[in-house]
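K.L.:
This is the structure, below, for whatever I ask next.
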Amino acid sequence: MQTASGIYKKARRNVFSLTNISSYDILIAELIYKYLMYWREIMFNINNYSKSVDFLLENAGPVIKYRLRKEILQDLAASEEEELLSQVYEMPLFKLLKTYIRPDGYIGNGMHSHDHWCEKTIHETPLQDGESAARLLSYYKIPKSHPVVKNLVAAMRNEKILYKEFSHIPPEAVRFQNRFEGINNGNCLMALIYTMQAMLGYGDDYQDLKDFQQISLKGFKHILEISSLSEITKFNKESKLKYNYPYIEASEYFPNVYTLSMLAYTNNWRSKENLKIISDAFNHINAIMEPGTNIHVRIKGRHIAPCGAFVRPVRPFNTGVIDIINYRRLLTEIAMAGADMETGIIRETADNINGALSKDGRLYMDFKQPHNRHYSPKYLKYPQPYTDVMLEASYSGKNNENALSCDLTFWALEFLFLAEKEN
């Protein structure tokens with residue numbers, strides 16, 4: 001059996017041993033050579049993590065095997081992809097999600113919404129929420145051509161359907177009425193709806209979403225224009241609010257986890273200059289922001305907590321500390337959005353992961369510390385706005401002793417692959 005490096009060397013000799021060829025043929029040969037160099041680099045990197053790959057191929061469930069082979073190893077034949085996807089479709093959460101599909105294609109009730117209202121159960125499980133449903137489809141990488149995905153996106157682009165779906169309880173009706181208020185900092189219903197479409201693979205085909213990409217990018221640009229949060233926040237000393245934090249206005253451009261996700265899952269906005277903005281912005285965030293900082297966003301006279309606004313430093317990954325509840329997901333999306341090894345948190349995270357994998361190729365974390373026990377992914381059951389990514393079916397039970405280790409190890413490979421590839 002020929003190795004990847006052997007195939008590469010043979011092809012390289014063949015490309016440059018050609019005689020009596022035209023300048024056009026030389027150009028084609030050079031392009032082929034660059035392509036082979038690219039694949040050689042990928043194979044070289046993957047070979048460095050053969051223990052991790054072998055562990056996952058032997059122990060992981062169908063979602064991780066599918067994503068590992070399709071996204072990282074990139075060795076999935078069509079028949080194998082079909083077989084693995086058929087196994088993914090049998091995953092318990094995907095089957096549960098299908099029971100929440102409504103006749104109009106929308107899934108569940110609301111989005112990032114109430115579980116209960118006036119003693120009425122709105123969500124039987126967290127998966128009966130539109131955001132959680134979209135996240136599961138995205139994390140499982142259900143193809144965008146799948147009817148469940150296509151119909152959900154179509155519903156999210158239909159004004160009449162949205163009006164109906166967000167009229168089931170009074171607060172959601174008000175939220176829909178004000179759905180664009182706060183979009184410049186990602187704190188409104190339409191920011192959520194646009195981001196979920198992007199996560200499902202439909203972020204670059206619709207003008208409204210392209211516009212939101214530019215809004216999201218402006219938030220990161222704006223970070224680079226300030227040296228302190230106090231330059232853009234206001235504070236009311238006379239306020240009687242229980243938590244009287246500084247606040248920004250709804251019109252202020254500012255990045256949060258949803259505007260980051262919007263950029264992470266789309267391509268239309270990408271250019272060399274814009275990708276550098278992302279790297280520089282996170283370096284700047286970690287330089288000027290203070291730990292423990294809180295702010296509000298003032299929308300329609302109300303002060304609301306922003307959804308993961310970047311008002312605190314972002315810690316690089318460390319096996320001994322779970323910084324926030326969606327720790328790994330955040331770092332992944334920073335890398336997906338184009339932050340490279342010039343970004344401190346990306347570089348330090350990659351170094352820490354490489355150190356952690358060096359023993360046996362598996363990623364372990366310390367869940368004994370009180371803080372880590374509180375944020376431990378061990379207790380994950382559903383994809384939610386404030387949880388990390390879970391790709392295995394369950395972490396509990398006699399047959400799932402390696403499940404959490406599979407999720408952690410796959411994340412490690414995914415992050416390294418994203419951090420090292422050229423955007």
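K.L.:
Hey, among S358, S376, which residue is out of contact with any Cys (no Cβ under 6 Å at 6 or more places or on another chain), within 22 Å of R315 (Cα to Cα) and surrounded by fewer than 15 Cβ atoms within 10 Å (Cβ to Cβ)? Lay out the reasoning, then the answer.
P.N.:
Details: S376 fails: surrounded by fewer than 15 Cβ atoms within 10 Å (Cβ to Cβ).
So the residue among S358, S376 that is out of contact with any Cys (no Cβ under 6 Å at 6 or more places or on another chain), within 22 Å of R315 (Cα to Cα) and surrounded by fewer than 15 Cβ atoms within 10 Å (Cβ to Cβ) is S358.
K.L.:
Tell me the helices (runs of 4 or more DSSP H) entirely within the range 7-102 that contain at least 2 residues that are surrounded by fewer than 14 Cβ atoms within 10 Å (Cβ to Cβ) and either modelled with pLDDT of 70 or more or of a type in the set (A, V, I, L, M) (or both). Write out each step before concluding.
P.N.:
Numbers: elements: 23-48, 50-59, 62-67, 78-88, 92-98.
Because the criterion is at least 2 residues that are surrounded by fewer than 14 Cβ atoms within 10 Å (Cβ to Cβ) and either modelled with pLDDT of 70 or more or of a type in the set (A, V, I, L, M) (or both), the helices (runs of 4 or more DSSP H) in the range 7-102 that meet it are 23-48, 50-59, 78-88, 92-98.
K.L.:
In the range 57-88, which residues are basic (K, R) and farther than 22 Å from M336 by Cβ?
P.N.:
Within the range 57-88, no residue meets the criteria.
K.L.:
Another question about this same structure. For the subset of the range 106-126 comprising residues that are of a type in the set (D, E, K, R) and loosely packed, with under 14 Cβ neighbours inside 10 Å, which member is nearest to L192 (Cα to Cα)?
P.N.:
The extreme case among them is E124.
K.L.:
Could you check the range 351-366 and list, in sequence order, the residues that are assigned to a loop (DSSP other than H, G, I, E, B) and without any contact (Cβ under 8 Å) to a residue 24 or more places away in the chain?
P.N.:
S358, K359
K.L.:
Sticking with this one: Which pairs do you get when a residue that is in contact (Cβ under 8 Å) with a residue 24 or more places away in the chain, found in the range 140-162, comes within reach of a residue that is in a helix (DSSP H, G or I) and open to solvent by 60 Å² or more (accessible area, probe 1.4 Å), reach meaning Cβ atoms under 6 angstrom, with the pair 6+ apart or on two chains?
P.N.:
none
K.L.:
Now a separate question. Which of the residues that make up the range 165-181 are touching an Asp or Glu at 6+ places or on another chain (Cβ under 9 Å) and not in a helix (DSSP H, G or I)?
P.N.:
Within the range 165-181, F166 is the sole residue that qualifies.
K.L.:
Quick one: is I169 free of Cβ contacts under 8 Å to residues at least 40 places away in the same chain, among the β-branched types (V, I, T) and either surrounded by 22 or more Cβ atoms within 10 Å (Cβ to Cβ) or on the phi < 0 side of the Ramachandran plot (or both)?
P.N.:
no
K.L.:
Identify, from the list I142, I215, I161, I193, the residue that is part of a loop (DSSP other than H, G, I, E, B), at pLDDT 95 or above and of a type in the set (A, V, I, L, M).
P.N.:
I142
K.L.:
Output the qualifying pairs, or none if there are none: Cβ atoms under 8 angstrom, residues six or more apart or on different chains, first residue in the range 203-225 and in contact (Cβ under 8 Å) with a residue 12 or more places away in the chain and farther than 18 Å from A154 by Cβ, second residue part of a helix (DSSP H, G or I) and acidic (D, E).
P.N.:
That search, which allows pairs on different chains as well, returns L224/D280.
K.L.:
Could you identify the single residue in I107, I101, I122 that is more than 16 Å from A173 (Cα to Cα) and over 22 Å from the mean Cα position of the chain (by Cα)?
P.N.:
The conditions single out I101.
K.L.:
When you scan the range 382-406, how many residues do you find that are aromatic (F, W, Y) and in a helix (DSSP H, G or I)?
P.N.:
The number of residues fulfilling the criteria is 0.
K.L.:
Return the pair list, or none, for Cβ contacts closer than 9 Å from residues in the range 377-393 that are over 17 Å from F94 (Cα atoms) to residues that are open to solvent by less than 30 Å² (accessible area, probe 1.4 Å) and of a type in the set (D, E), at least 6 apart or on different chains.
P.N.:
P377/D388; P377/D407; P385/D129; P385/E131; D388/D407
K.L.:
Look at I226 and say whether it is open to solvent by less than 40 Å² (accessible area, probe 1.4 Å) and more than 17 Å from the chain's Cα centre (by Cα).
P.N.:
Numbers: open to solvent by less than 40 Å² (accessible area, probe 1.4 Å): yes; more than 17 Å from the chain's Cα centre (by Cα): yes.
Considered against the rule, which asks whether it is open to solvent by less than 40 Å² (accessible area, probe 1.4 Å) and more than 17 Å from the chain's Cα centre (by Cα), I226 comes out as yes.
K.L.:
Could you grab me the full set of residues in the range 394-418 that are closer than 13 Å to E58 by Cα, hydroxyl-bearing (S, T, Y) and open to solvent by 10 Å² or more (accessible area, probe 1.4 Å)?
P.N.:
Answer for the range 394-418, where residues must be closer than 13 Å to E58 by Cα, hydroxyl-bearing (S, T, Y) and open to solvent by 10 Å² or more (accessible area, probe 1.4 Å): just S405.
K.L.:
If we scan the range 208-219, do we find a residue that is more than 30 Å from A133 (Cα to Cα), among the hydrophobic types (A, V, I, L, M, F, W, C) and open to solvent by less than 30 Å² (accessible area, probe 1.4 Å)? Please lay out each step first, then the result.
P.N.:
Our first condition is that a residue be more than 30 Å from A133 (Cα to Cα); within the range 208-219, this holds for none.
Checked against the condition, which is being more than 30 Å from A133 (Cα to Cα), among the hydrophobic types (A, V, I, L, M, F, W, C) and open to solvent by less than 30 Å² (accessible area, probe 1.4 Å), the range 208-219 yields no hits at all.
The values are calculated or read from the model by the stated rules, or taken from the named source; none is laboratory data. Bear in mind that the values here come from a model prediction, so they are computed numbers and not experimental data. We place every Cβ from the backbone using ideal geometry, glycine too, and count neighbours over all the protein chains shown. Please note that ligands, DNA and RNA were not included when accessible areas were found on the heavy atoms of the full protein model with its side chains. Shrake-Rupley method; radii C 1.70, N 1.55, O 1.52, S 1.80 Å.
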